[in-house]
1. Give me the residue from region 118-173 that is among the small types (Gly, Ala, Ser) and crowded, with 21+ Cβ neighbours inside 10 Å and, out of that set, modelled with the highest pLDDT.
2. Go through GLY36, GLY109, GLY14 for me and flag whichever is among the small types (Gly, Ala, Ser) and at pLDDT 80 or above.
3. So, in region 65-90, of the ones that are in a loop (DSSP other than H, G, I, E, B) and modelled with pLDDT under 85, which residue ends up nearest to TRP176 (Cα to Cα)?
4. Just need a number here: residues in region 181-207 that are within 17 Å of HIS227 (Cα to Cα) and surrounded by 16 or more Cβ atoms within 10 Å (Cβ to Cβ).
5. Specify the residue that is farthest from GLU472 (Cα to Cα); the eligible residues are those in region 170-213 that are among the hydrophobic types (A, V, I, L, M, F, W, C), without any contact (Cβ under 8 Å) to a residue 60 or more places away in the chain and part of a loop (DSSP other than H, G, I, E, B).
6. I want to confirm something. Restricting to region 556-580 and keeping residues that are at pLDDT below 95 and polar (S, T, N, Q), which single residue is surrounded by the most Cβ atoms within 10 Å (Cβ to Cβ)?
7. For region 307-338, which positions are among the hydrophobic types (A, V, I, L, M, F, W, C) and surrounded by fewer than 23 Cβ atoms within 10 Å (Cβ to Cβ)?
8. If I filter region 560-578 down to residues being free of Cβ contacts under 8 Å to residues at least 40 places away in the same chain and assigned to a loop (DSSP other than H, G, I, E, B), which single residue comes out as nearest to PRO471 (Cα to Cα)?
Amino acid sequence: MTGCPHRNRPGRRGVAMLLVIVAMAVAVVLSGVYLGVQSTAARVARNLTGRARARFLAESGLEMALAYVQRDEDWRTNRPHGLWIDEHPYAGGTFSVFGEDGEDLDGDGVVDGDGDLSDEDMDMLTLTCVGTCNGCKHVVQGVVPPTKWALMIVNDPNSLSSEDTDRHALLAKWGWKVRLLRTKPTLEEFNAAVDGIHVVYFSAHTALEPEVKDELKVRDLPVVIEHSKLVDELKVASGESKDYEGASIEIKELTRTVTDEFGTEHTQVYTHFITEPFPVGELPICSSLASLLRLDGTIIGTTALATRVGISDHVAFSYLEAGALQEDKKPARARRVALPWGRKEFSFSIASLNENGRALLQRSLDWAGSSWKGYLPGLAVWDIIEVKDVATVDGFASAVGAAGGENVNQDGTLSTNAVSSDKLKLSGGITRGHLFTSPDADAAAVVDISGGAALTGGLHKLSLNVPIPTPEVEAGLPPSMGDWTYGPFIYYVSSDRHFNKLKLVLNATVHITGDVRFLCDDEVVIEHGARLIVHPGCRLTVYTQKKVELKDSVEVNVSGSDPTRLSWIMLKDKLIVGGDAKVYATVQTYDGELEVKDTGSFCGTFLGKKAVIRNSGAFHIDTSNSGTIVTLGGGFDLSKITGKTVRVLESN
């Protein structure tokens, strides 16, 4: 059979062509997808690299800024509030650093501060660092607590003993910057060493010399004490501490008497920062027997934190709050802590402290160096307040205006740190307000109301004694102009003045038109209708070292009715407001006194030793600037010393 010749079918050729075209199309698509993926992957890789590098730059810049702050003691004056470093090139990108005064308190992203890094050493610092690389940005922010400064008194700063070296290392570990001072410094060396210091640490191995001891007795310097003799010198107790061999102390349960709103007294159990982490009872503080200390003699305002184990009347660990009465019945100028270890006859090594002992030392330093925070009355003394005859004590609000009319007869606040009988003595007149006594006092014994005197408010106890700072004259005042008299003309003063005796007489009018300081070495007399006017936005600070008398119908800072414009710093002696004189001022003194008599009128606040209001005199307490919880002293905030906090603000 003859077959037919074979021929290709057109349909099959079309299918093959279609398959080829589809294959080519798929190849093109796949290659495009591949190239696209490769391009995206490259971009992603670049972005990932950029983000990582931006983060690295931001964190590195922040660490550099932190290291700078820790290294340069003068950074607050050397650096402005705001931009510190602008787009500094580094590691293939840039970083910028901003330093701002304060911290973001309310979480709104805005740093809350006054915009001035140099005005207050205890302000928080917020550092913000922006790192950029390949269009990516990373922002980190750190909040830096204030630097804690400790002064160690040592025998030889140039050759520390092993004991001093160990103490120095502990303080540095706990975040303290440490200065060293020899035991026999000049006054200039001492002043330079204590500038900006928060606490003085006096170890058991340091010789107690007059050059240091005598200065510590008259300065507002918190002191943590290991030395048995210094306990006596600073009047924590009336004698040197005694030592004994031991390894433990007994933590006390702390109680105090408080007064409720109805005037009823209650016993309250409380804790103190230093011993707060530890339970009541025996606490081992040394790894083996060591030289421990206990107080000897009498104490008044000193509070016992712990006793010798099994002997409750042997105070082994104690503190003296600023303002609390020392053994000599004067207020402590600053906080004191008498540690439970040291040396008198037995030897003591800081290395013998166990974890508990080291924690007590750390917390003692932190507490002593921190700020006092408590209730501050408008008329606060450490000795006596007397209201007699037909005198008046009441309150007014300077924020509203002058004392008088409806802005008077408000409740004021008065207090004494004294614990002896009859220190708040009302024998006449009317006292509109509330009386506060020391937490260490028997209130019923301290307050004496007699002779028809009237008290409209209640009797309360302070939770803390009010500190009475030691006034000091600021540096930079000009040389003395000698005795000086203003009168009977008009004068304008815009710069500092230094006088021997100062008089304002014969209707003289002195206008203060700036931030001005007066230093008066001898007596000050203002009489014969003279006037002293402190203009709005201005301030006058007067330092006086002898008696001050305001007589007749003189007016001192009456125009404007703002006591805070006139700050009167009395180094000693007395301020007498007599005749029909009127003054608006804030007065601060340690040993000085205030007397308001005749029909004189004092409007403002007083912090000092003694105040007497008699005859028809009037003390109008400024309620706008008193009767509240305040922070005093140059210490730090205990809640803000735990170290820097860092957070990421932005990353893209």
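The values are calculated or read from the model by the stated rules, or taken from the named source; none is laboratory data. Small disclaimer: the values here were computed from a predicted structure and weren't measured. Reconstructed Cβ throughout: ideal geometry from the backbone, glycine too, with neighbour counts over all protein chains shown.
1. ALA150
2. Values: GLY36 fails: at pLDDT 80 or above; GLY14 fails: at pLDDT 80 or above.
GLY109 is the lone residue from the list that is among the small types (Gly, Ala, Ser) and at pLDDT 80 or above.
3. Of region 65-90, the ones in a loop (DSSP other than H, G, I, E, B) are 72-74, 79-81.
Adding the requirement that they be modelled with pLDDT under 85 leaves 72-74.
Working: ASP72: 15, GLU73: 13, ASP74: 17 Å.
Taking the candidates together, the pick is GLU73.
4. Of region 181-207, the ones within 17 Å of HIS227 (Cα to Cα) are 181-184, 199-207.
Then keep just the ones that are surrounded by 16 or more Cβ atoms within 10 Å (Cβ to Cβ); that gives 181-183, 199-206.
Residues in region 181-207 being within 17 Å of HIS227 (Cα to Cα) and surrounded by 16 or more Cβ atoms within 10 Å (Cβ to Cβ): 11 in total.
5. Ranking the qualifying residues of region 170-213, first place goes to ALA207.
6. Once the filter is applied, the top-ranked residue is SER561.
7. Within region 307-338, VAL309, ILE311 qualify.
8. Among those residues, the one meeting the criterion is LYS572.
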